[in-house]
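> Here you go, one structure.
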Amino acid sequence: MSKTGLFYGPMGGSVERIAKKIQDKLGEDKIDLVPVRDAAARDFDNYKFIIMGISTIGAHTWNHDTPSKDWDLFIKELKKVDYSNKTFALYGLGDHVSYANHFVDSLGILARELLSQGAKITGYCDTDDYEFNESQAVIDGKFIGLPLDEDFTPHETDSRLDKWLSRLMEEFV
Ligand SMILES: Cc1cc2nc3c(=O)[nH]c(=O)nc-3n(C[C@H](O)[C@H](O)[C@H](O)COP(=O)(O)O)c2cc1C
């Protein structure tokens, strides 16, 4: 298996904690963690398989007076990437109770940007496993990636991650 790049943001919250958890589960020799704050399009050149982690208006971003330096800036870099021979999988942090009508919307916004550039995305998830009303992350009846809710269902995170990662690892070979 070639090494996977896990591009994530913001730092310091649930998205980063999950990124480290994924690295622990799969092994440091298999996953490089790359904060998007420090990344450029050319960093994708190192990887055939890429996981992306994002939250929807996370507390970390919200609490800062200065504009975020994470996905809102990095999303422009995505236009410069050569998407041929790469496979992407996405996870998104959200809160299905307080934001049931916008559950993990940013996961969908990011995925739609990637799809518009011709990216191949894998790791879809059934919506039946979640309670929510509306989400921009639902594409063709499925979540375009793995939604996680560390605010209200943290006890579900490990089993959701394990199932998702084992499916991904069959494809990331
Ligand atoms: C101001 C604010 C707005 C939020 N908006 C949404 C939202 O629209 N949809 C959603 O699913 N979660 C929303 N959340 C929940 C965050 O996505 C969730 O807490 C996530 O775990 C934060 O991850 P982070 O700390 O890595 O940014 C919001 C949280 C805050 C504080």
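Laboratory data are not the source of any read-out in this text; all were calculated from the coordinates shown. These figures come from a predicted structure and were not determined experimentally. All Cβ positions, even for glycine, are placed from backbone atoms using ideal geometry, and neighbour counts span all protein chains on display.
> Quick one: putting +1 on the C-beta of Lys and Arg, -1 on the C-beta of Asp and Glu, what dipole do you get for the chain around its Cα centre, in Debye to the nearest 20? If you can, show how the numbers build up before the last one.
Working: 20 positive and 30 negative charges, 147 e Å.
For this selection, approximately 700 debye.
> HN-Hα J couplings of region 2-7 from phi, Karplus 6.51/-1.76/1.60, θ = phi - 60°, integer Hz, Gly and Pro as x?
Residue by residue, region 2-7 yields 7, 5, 9, x, 10, 8 Hz.
> With the dipole of region 4-171 worked out from charges on the C-beta (+1 for Lys and Arg, -1 for Asp and Glu) around the Cα centre, which of Val36, Leu161, Ile57 lies farthest toward the positive end?
Of the options given, the answer is Val36.
> Students often get this wrong, so check it: of Lys142/Lys163; Lys20/Lys142; Lys86/Lys142; Lys48/Lys80; Lys21/Lys48, which have C-alpha atoms separated by over 19 Å?
Details: Lys142/Lys163 16 Å; Lys20/Lys142 26 Å; Lys86/Lys142 21 Å; Lys48/Lys80 16 Å; Lys21/Lys48 21 Å.
From the list (Lys142/Lys163; Lys20/Lys142; Lys86/Lys142; Lys48/Lys80; Lys21/Lys48), the Cα-Cα distance tops 19 Å for Lys20/Lys142; Lys86/Lys142; Lys21/Lys48.
> Once you compute Rg and the Kirkwood Rh from C-alpha atoms, what is the Rg to Rh ratio for the chain?
0.93
> Got the relative contact order for the chain handy, in percent, Cα pairs under 8 Å and 6 or more residues apart? The partial results should precede the final answer.
Details: 317 pairs, mean separation 36.8, N = 173.
The value is 21 percent.
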